[in-house]
Amino acid sequence: MTDDDATTPQPLVRVREVLDGDVPNGTHVVVHGTLEDVTVKTNQQTGQWATGRLVDGKDSIDFWMFPRAFARTGRSCIETAGPIAATASVSGPPQRTALIINSMERIEPGTKPDVDTTAV
């Protein structure tokens, strides 16, 4: 992800769109949902990283958050029980599609994350 990608609002998509293949591999998106089955691990050389499932209504998708993104986001966001907005890249073949999380923020009641909702 370039600096331009990080500052440009990404389209808001549903997990079902990603799972159905409507969002091409490599596309940068924002997905709202909650986290389940989160596992945080530590690599001696690179630091903490996380994996789990991002749940959007009745659909869910695997996610990976590598050490640099984990350091930017912080453990408290990973451990939240509430809704989150994840900026991610779609990765993998259709049968094993996952999200590679670049950043994540909690969605506080009454706030609107900085995303482009015109694609929804």
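Read-outs throughout are calculated quantities, based only on the coordinates presented, and are distinct from any laboratory measurement. Note that the structure is predicted; figures quoted are calculated from it, not measured. Heads up, the Cβs are rebuilt from the backbone with ideal geometry, glycines too, and the neighbour counts pull from every protein chain shown.
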In nm, the gap between the two label points placed 7 Å beyond Cα toward Cβ at VAL38 and ASN25 is 2.9 nm
Tell me the GluC sites (Glu not before Pro) within the stretch 1-99 that lie in a loop according to DSSP and have at most 11 other beta-carbon atoms within 10 Å. GLU79
